[in-house]
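Participant: This is the structure I want to talk about, given as structure tokens.
Derivation of every value follows stated rules applied to the coordinates shown; laboratory data play no part. Keep in mind that this is a model prediction, so the values were computed, not measured. Here the Cβ is made from the backbone with ideal geometry for all residues, glycine too, and neighbour counts use every protein chain on show.
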Amino acid sequence: MEVKNCKKCGVFFNFVSGLPLCPSCMKEIDDKFSEVKQYIYDHPGVGIQEVSEENEVPIVIIKKWVKEERLAFAEGSAIGVDCERCGRMILTGRFCEACKADVKKQFGNIIATTTKQPEKKLERDNAKMRFLK
Ligand SMILES: [Zn+2]
Ligand SMILES: [Zn+2]
């Protein structure tokens, strides 16, 4: 077990994995999810930078929610998160459609369709958000 300093409140805690935040700060940020979701609902097409600043939630946390498929970048957004397998830009989750299909195949379920996503150029400040859950 590794002991770390919480990046937010400075307390020492047993670090397991993920972000260097203690459980109580982690919970505090998690409680902000509904606030962020409401903000995105009220501001359709808002940028990730603005979501982060207005709600005082670090961008890494927003990306974590995207990875967990709780939030997604809007269709046509200039940025997203990287597929953990091939690095292609995706709007939500951990893997792109093609990799998801590949991973499923390895578990014995054959999926015939793969979706190709067009290459998009990176415009970091232009990310648009929407929520899923
Ligand atoms: Zn803390
Ligand atoms: Zn992929």
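Participant: Could you give the nm distance between label points at Glu2 and Ala74, where each point is 7 Å from its Cα heading toward the beta carbon?
Facilitator: 3.7
Participant: When the Karplus curve 6.51 cos²θ - 1.76 cosθ + 1.60 is applied with θ = phi - 60°, which whole-Hz ³J(HN,Hα) does each residue of the range 73-82 get, with x for Gly and Pro?
Facilitator: In residue order, the calculated couplings are 6, 5, 3, x, 5, 6, 10, x, 10, 8 Hz.
Participant: Next question, about the same structure. Near the amide H of Val46, under 5 Å away, which other amide H atoms are found, from residues 5 or more places off or on another chain, if H is placed in the peptide plane?
Facilitator: So Val46 has HN proximity to Met129.
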